[in-house]
Amino acid sequence: MREFCLVGVVALVTACGGAAVPQESLTAAKASIAGAEVGGAASEPKAALHLKLAKEQVTKAENLISDGDNEEAARVIDRAQADADLALALAKEVSAEKAAIETKEQLEKLRKKATQ
Amino acid sequence: MKNGFNRIALFTLLSQAVLACATPMPPQELLDARTAYDVATKSSAPQYAPAQLDTAKQSLARAEQSFQDNGDEPVTKDLAYVADRRAKLAAAEGSREQAERARAQMDKDFKSTEIDALETTKSKLEHEQRARAEAEKGLADAQKKLSLAMASLAEIAKVKEESRGVVITLSGSVLFATGKSALLPIAQEKLSEVAKALNDQGFKSLLVEGHTDSQGSADKNMVLSQERAESVRTYLISQGIPSDKIKAQGIGSSRPVADNSTAEGRANNRRVEIVVEPLGK
């Protein structure tokens with residue numbers, strides 16, 4: 001019975017002390033979410049989905065940290081970071097494509113005018 | 001026999017279970033990540049976002065390794081989830097870069113087309129300007145010629161503008177002997193100058209009208225005025241006026257311009273009028 005208690009205590013200490021609070025990566029993920037929002041991710045459906053996922057996972061990670069589960073929190077933050085990065089990339093892709101289409105239309109208009 | 005079958009079935013089930021344990025099914029996240037990476041390699045990412053694609057590759061490799069080591073544990077799912085996003089990011093970055101390059105090229109094309117269009121407009125404008133200057137010069141020349149012609153006409157005849165055109169009035173006494181329709185020599189000289197002035201200034205058509213005073217019978221006056229108009233017409237044709245552009249008409253005494261009761265008035269009424277329909281009317 002004494003051995004069992006000892007094992008239990010050791011396991012508890014390892015769980016608590018094994019992983020530090022992933023504060024740095026959490027801050028980075030939050031910054032990326034803010035960056036994606038500035039980049040227009042909220043107004044592009046595909047990007048908005050990943051922005052939402054990123055935010056949800058940050059909330060989840062914060063709850064996990066409160067519960068002391070830093071290890072899982074770190075993995076959830078990795079997910080959040082990946083979604084935030086993707087949200088920004090998708091927003092930029094859409095705006096680049098829109099700009100290209102716009103330029104193409106202007107060019108065609110100009111060419112049409114030039115041949116008149 | 002029944003027992004034997006059950007045993008075989010049990011063995012089959014067991015061996016399948018063992019096999020399933022040895023190679024567990026990959027989690028959905030890993031399947032998604034593989035698909036996403038496959039899609040990315042077939043997109044414009046290899047050409048335009050090779051660094052991001054490489055990151056995605058490494059990310060997928062970590063997920064695959066975790067799957068080998070840990071099976072479908074949450075850690076594998078998390079790594080696969082991240083790998084899926086990295087692959088999609090590479091594809092997105094690839095098409096963004098491609099779109100931006102295409103746009104940059106079109107921008108260049110736009111500018112050069114714009115410059116071409118400007119050049120075309122410029123040369124068109126210059127051409128128009130030259131044409132206008134030439135036309136203006138031509139017009140000025142014509143006007144100068146016209147005013148010179150009018151000035152020389154004014155020296156030998158009365159010229160006035162009426163609604164029917166420019167009317168050149170030649171006094172009958174200068175042109176004809178009394179009762180005759182043959183032109184006097186001095187008249188021929190004058191008419192030569194008139195013809196020259198008319199040819200110089202150009203015109204659409206000419207109408208020669210003969211007028212008399214009210215002395216004598218109206219019939220005779222009508223015949224005389226017709227003959228006189230004809231003789232002026234004939235002479236003008238001989239001086240180069242195209243015959244299809246000139247007509248003659250006898251008016252007789254019906255349109256006096258002065259009082260027929262005085263000698264001076266009658267002299268003014270005896271006249272030939274040349275009505276000029278100007279060009280461009």
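Quick notes
- Rounded accessible area of B:Thr120 (nearest 10 Å², 1.4 Å probe): 70 Å²
- Among the listed pairs A:Lys55/B:Lys57; B:Lys137/B:Lys160; B:Lys196/B:Lys220; A:Lys30/A:Lys104; A:Lys92/B:Lys42, a Cα-Cα separation exceeding 30 Å is found for B:Lys196/B:Lys220; A:Lys30/A:Lys104.
- Other residues lying with their Cβ under 9 Å from the Cβ of B:Phe176 contribute a combined charge of +3, Lys and Arg counting +1, Asp and Glu -1.
- B:Ser243 exposes around 60 Å² of accessible area when a 1.4 Å probe is run over every protein chain in place.
- Average partner coverage of A:76-86, which counts Cβ from other chains inside 10 Å: 5
- Shielding score for B:108-115, defined as the mean number of other chain Cβ atoms within 10 Å: 3
- Chain B: calculated mean residue ellipticity at 222 nm from DSSP helix runs of at least 4, using -39500 (n - 2.57): -23500 deg cm²/dmol
- Rounded to the nearest 10 Å², the accessible area of B:Asp213 at probe 1.4 Å: 10 Å²
- Long-range HN-HN contacts of B:Ser205 with modeled amide H, under 5 Å: B:Glu277
- Here the Karplus relation 6.51 cos²θ - 1.76 cosθ + 1.60, evaluated at θ = phi - 60°, turns the backbone of segment B:259-271 into coupling constants of 6, 7, 7, 10, 5, 5, x, 5, 4, 5, 6, 7, 7 Hz, with x for every Gly and Pro.
- Residue mean of other protein chain beta carbons inside 10 Å, B:136-142: 0
- Gaussian network model of chain B, Cα within-10 Å springs - most flexible of B:Ser214, B:Ser225, B:Ser66: B:Ser66
- DSSP beta bridge pairing in the protein assembly as shown, given as percent antiparallel to the nearest 5: 75 percent
- For the chain pair B and A, the buried solvent-accessible surface (1.4 Å probe, both sides summed) amounts to about 2200 Å².
- A cut-off of 5 Å between modelled amide H atoms, ignoring neighbours fewer than 5 places along the same chain, links B:Val166 with B:Val276.
- Solvent-accessible surface ranking, highest first, for A:Val58, B:Val223 at 1.4 angstrom: B:Val223, A:Val58
- If you take all other residues with their beta carbon under 13 Å from the beta carbon of B:Glu134, and give Lys and Arg +1 and Asp and Glu -1, the sum is -1.
- Radius 12 Å from Cβ of B:Arg271, net charge of other residues (Lys, Arg +1; Asp, Glu -1): +2
- Think of a 1.4 Å ball rolled over the protein heavy atoms: the protein assembly as shown then has 60 Å² of accessible area per residue.
- Accessible carbon and sulfur surface of the protein assembly as shown relative to its total accessible area, %, 1.4 Å: 57 percent
- Across segment B:149-154, rounded Karplus estimates of 3J(HN,Hα) from the backbone phi angles (6.51 cos²θ - 1.76 cosθ + 1.60, θ = phi - 60°) give 4, 5, 4, 6, 5, 4 Hz, Gly and Pro being marked x.
- Segment B:118-143 and segment A:52-72: distance between their alpha carbon centers, rounded to Å: 78 Å
The values are calculated or read from the model by the stated rules, or taken from the named source; none is laboratory data. A quick note: this is a predicted structure, and the numbers were derived from the prediction, not measured. Methodologically, a virtual Cβ is constructed for each residue, glycine included, from the backbone with ideal geometry; neighbour enumeration extends over all protein chains shown. Protein only, heavy atoms only, side chains kept; ligands, DNA and RNA dropped before computing areas. Shrake-Rupley method; radii C 1.70, N 1.55, O 1.52, S 1.80 Å.
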